[in-house]
Amino acid sequence: MDGVISAIESRRSVRTFDGNPIDKERENKIREYIQKVDNPFRVPVELKFFDAREYKLSSPVIIGERAYLAGLVPLGPFAEIAYGYTLEKTALFAQRIGLGTVWLGGTFKRENFEKAIGAAEDKLMPCVMPIGTAAKKMSVREALMRKSVKSDTRYPFEKLFFNKSFETPLSEGEAGVFLKPLRMMRLAPSAANKQPWRVVINGGYAHFYKKSDKGFNRGYGDMQKVDMGIGFCHFDLTAKEEGIKGEFIVKVTGIACPKDTEYVISYVVQK
Ligand SMILES: Cc1cc2nc3c(=O)[nH]c(=O)nc-3n(C[C@H](O)[C@H](O)[C@H](O)COP(=O)(O)O)c2cc1C
């Protein structure tokens, strides 16, 4: 099985599936994986695997899917972030065993998923995710969707990452031990490909900020907090694969933030 970094590099959203159920062996691998998948934020995320036909689960932008992943997370600080981390970790595992996925936050029939999972007032189900084998050819609609949000591109490294303060862009040459984790964070998927991750590097710290856009928080969770969790997953799993030891901690950074940008958490490398 490929490592995490190559899974991140080869992943793309899949919206056109081959119409076949996942073979039992891989379905069981996914079912086992979601029983034990964890996150570093100590927020429990309960993921479930659903047969799409049995539970009448569908999305107007997805073709040929036979299964979905969906989950619940208790309301509270870091709820969406933990959800993003945990479901992306599962999506990368799926990628490593040859299965495609796509994050869906808006374009799916929410009532049917809420019924299937047993939605509760004190829990969120921010997103769901079809899972299966990608069709050989992408649908025309999928190709158009990718074009409209420029899914094949990401902002330059220097636009997302900064050196000591938001005044100074960080070049790849200055990123040191954080180079690979930041490169992999940059490749993460995000809602409408808005890429809200902003990072200020200072010594052994990476301070993470969220650059917010309007219209991403519609009552079932802030999609851009989910994006942050997805980015943290790419960063953290890459750090682990590179043998870097570190942890997420909340800090008072004293760094002045640009407009619409707020502090979320830091990562500190252990000496
Ligand atoms: C939190 C989140 C919500 C998303 N919601 C939708 C959605 O409702 N419908 C959809 O077609 N794609 C959705 N996407 C997929 C993004 O459009 C896609 O990840 C982005 O354009 C980058 O493309 P890539 O994943 O192929 O790299 C979502 C992605 C994320 C991370």
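Within region 113-123, is there a residue that is in contact with a Ser or Thr (Cβ under 6 Å, 6 or more places away or on another chain) and more than 13 Å from the ligand (Cβ to nearest atom)? Write out each step before concluding.
Of region 113-123, the ones in contact with a Ser or Thr (Cβ under 6 Å, 6 or more places away or on another chain) are none.
No, every residue in region 113-123 fails to be in contact with a Ser or Thr (Cβ under 6 Å, 6 or more places away or on another chain) and more than 13 Å from the ligand (Cβ to nearest atom).
Might you check whether a residue that is over 26 Å from Thr86 (Cα atoms), within 15 Å of the ligand (Cβ to nearest atom) and within 22 Å of the chain's Cα centre (by Cα) occurs anywhere in region 174-183?
No, the conditions are met nowhere in region 174-183.
Quickly run through region 48-77 and pick out the residues that are over 14 Å from Glu114 (Cα atoms), crowded, with 22+ Cβ neighbours inside 10 Å and more than 13 Å from the ligand (Cβ to nearest atom).
Hit for region 48-77 is Ala67, nothing else.
The conditions are (1) within 30 Å of Lys245 (Cβ to Cβ); (2) in contact with a Ser or Thr (Cβ under 9 Å, 6 or more places away or on another chain), and Ser13 fails exactly one of them. Which is it?
(1)
Go over the candidates Gly231, Gly243 one by one and state the one that is without any contact (Cβ under 8 Å) to a residue 24 or more places away in the chain and either farther than 16 Å from Thr90 by Cα or among the small types (Gly, Ala, Ser) (or both). Full working, then the answer.
Values: Gly231 fails: without any contact (Cβ under 8 Å) to a residue 24 or more places away in the chain.
Being without any contact (Cβ under 8 Å) to a residue 24 or more places away in the chain and either farther than 16 Å from Thr90 by Cα or among the small types (Gly, Ala, Ser) (or both) holds for just one of Gly231, Gly243, which is Gly243.
Has region 134-144 got at least one residue that is in contact (Cβ under 8 Å) with a residue 60 or more places away in the chain, buried (at least 21 other Cβ atoms within 10 Å of the Cβ) and either within 12 Å of the ligand (Cβ to nearest atom) or outside any loop (DSSP other than H, G, I, E, B) (or both)? Reasoning before the result, please.
So in region 134-144, the residues in contact (Cβ under 8 Å) with a residue 60 or more places away in the chain come out as 134-139, 141-142.
Narrowing the set further to residues that are buried (at least 21 other Cβ atoms within 10 Å of the Cβ) leaves none.
No, region 134-144 contains no residue that is in contact (Cβ under 8 Å) with a residue 60 or more places away in the chain, buried (at least 21 other Cβ atoms within 10 Å of the Cβ) and either within 12 Å of the ligand (Cβ to nearest atom) or outside any loop (DSSP other than H, G, I, E, B) (or both).
Any residue in region 148-161 that is touching a Phe, Trp or Tyr at 6+ places or on another chain (Cβ under 9 Å) and part of a helix (DSSP H, G or I)? Please lay out each step first, then the result.
Taking region 148-161 and keeping what is touching a Phe, Trp or Tyr at 6+ places or on another chain (Cβ under 9 Å), we get 160-161.
This time we only want the ones that are part of a helix (DSSP H, G or I), so: 160.
Yes, that holds for at least one residue.
Could you please let me know if Ser148 is in contact (Cβ under 8 Å) with a residue 24 or more places away in the chain and within 13 Å of the ligand (Cβ to nearest atom)? I'd like the intermediate steps shown before the answer.
Values: in contact (Cβ under 8 Å) with a residue 24 or more places away in the chain: no; within 13 Å of the ligand (Cβ to nearest atom): yes.
Here the answer is no, as Ser148 does not meet what is asked.
Coordinate-derived values only; no laboratory data. Since we're looking at a predicted model, the values are computed, not measured. Here the Cβ is made from the backbone with ideal geometry for all residues, glycine too, and neighbour counts use every protein chain on show.
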